[in-house]
Each structure stands twice: as structure tokens, then as C-alpha cells.
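J.: One structure coming up, written as C-alpha cells, with questions to follow.
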Amino acid sequence: MIHVCYSLRDDSGKYSKFVGTSIESLLENTKSEVMIHLIHDSTLTDSNRKKFRQIVYSHDQKFEFYNLEKLSGKIFLLIDSKIHSV
């Protein structure tokens with residue numbers, strides 16, 4: 001399986017189409033199983049989230065969203081605990 005990560009901040013709502021185009025191209029041009037990871041913030045709209053899912057699922061691939069604003073507190077706590085356990 002190939003893991004591919006995108007990171008997105010889309011204040012205008014217009015950048016998502018470029019990420020979607022990149023994802024579509026990637027999936028059209030690989031025969032491998034692909035897992036798409038999308039790191040985003042609150043600027044990702046529900047409509048664009050749905051479009052990303054449609055692209056990925058239409059190719060029978062896997063997709064996961066990571067809202068950095070929601071996860072950042074947990075991530076920093078995890079990093080801190082790892083640093084202090086060394």
C-alpha cells in the first residue's frame with residue numbers, strides 16, 4: 001500500500017479543487033492500493049470533504065481526514081510524553 005499525505009488550508013474554498021485534481025491524477029495513474037491522508041483545518045468545507053471522498057471511493061481506495069485544530073492538543077501531549085520518557 002502506498003500512503004500519500006496532503007495538507008490543506010483553504011480560506012477561499014478554491015484550493016481544494018487543485019488538491020482534488022492531484023488526488024484524481026494520482027489514483028488514475030497507479031495500480032497500487034493507495035491510502036490518502038488529508039491534514040486540514042476548519043477551512044475545509046463539508047462540501048469539499050464530500051467531493052474528496054467521492055474521488056477516492058470511486059477508485060476503491062482509502063481515505064482519512066485529520067483535523068489538525070482538533071488533533072493538535074493531543075499530538076503535542078503525545079510528543080511531550082515521548083520527549084520526557086527518553
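J.: What does the extension gain come out to for Lys70 and Thr30, with contour length at 0.36 nm per residue minus their alpha carbon separation?
T.: On the way: separation 40, 0.36 × 40 = 14.40 nm, distance 3.19 nm.
Stretched out fully, the Lys70 to Thr30 stretch lengthens by 11.2 nm.
J.: Under 18 Å from a point placed 7 Å out from the Cα of Ser7 along the Cα-to-Cβ direction: which residues of the range 41-64 have their backbone N that close?
T.: Correct set: 41-44, 64.
J.: What residues qualify as long-range amide H neighbours of Phe63, i.e. H under 5 Å apart, gap of 5 or more or another chain, H built at 1.01 Å from N?
T.: For Phe63, whose amide H was placed from the backbone, the distant partners under 5 Å are Ile36.
J.: Under the 0.36 nm per residue contour assumption, what length would be gained going from the current alpha-carbon distance of Ser81 and His37 to full extension?
T.: On the way: separation 44, 0.36 × 44 = 15.84 nm, distance 2.44 nm.
Separation in residues times 0.36 nm, less the Cα-Cα distance, equals 13.4 nm.
J.: A further question follows. What FRET efficiency would be calculated for the residue pair Ser58, Lys14, taking the C-beta separation as r and a Förster radius of 35 Å, to the nearest 0.05?
T.: FRET efficiency, Ser58 to Lys14: 0.95.
J.: Tell me, what HN-Hα J-couplings in whole Hz come from the Karplus equation 6.51 cos²θ - 1.76 cosθ + 1.60 at θ = phi - 60° for each residue of the range 16-28, using x for Gly and Pro?
T.: Residue by residue, the range 16-28 yields 4, 5, 6, 5, x, 5, 5, 4, 4, 4, 4, 6, 6 Hz.
J.: Still on this model: Too long at a 27 Å Cα-Cα cut-off: which of Lys17/Lys70; Lys14/Lys62; Lys31/Lys74?
T.: Checking Cα-Cα distances, Lys31/Lys74 exceed 27 Å.
J.: Further, regarding this structure: Please give the direction-averaged projected area of the C-alpha convex hull for the chain, in square nanometres with one decimal. Let's see the in-between values first.
T.: Details: hull surface 26.1 nm².
That works out to 6.5 nm², a quarter of the Cα hull's surface.
Just so you know, all these numbers are worked out from the coordinates, no wet-lab data involved. In this text, all values refer to a predicted model and were calculated from it rather than measured experimentally. In this analysis, Cβ positions are derived from the backbone assuming ideal geometry, glycine residues included, and neighbour counts consider all displayed protein chains.
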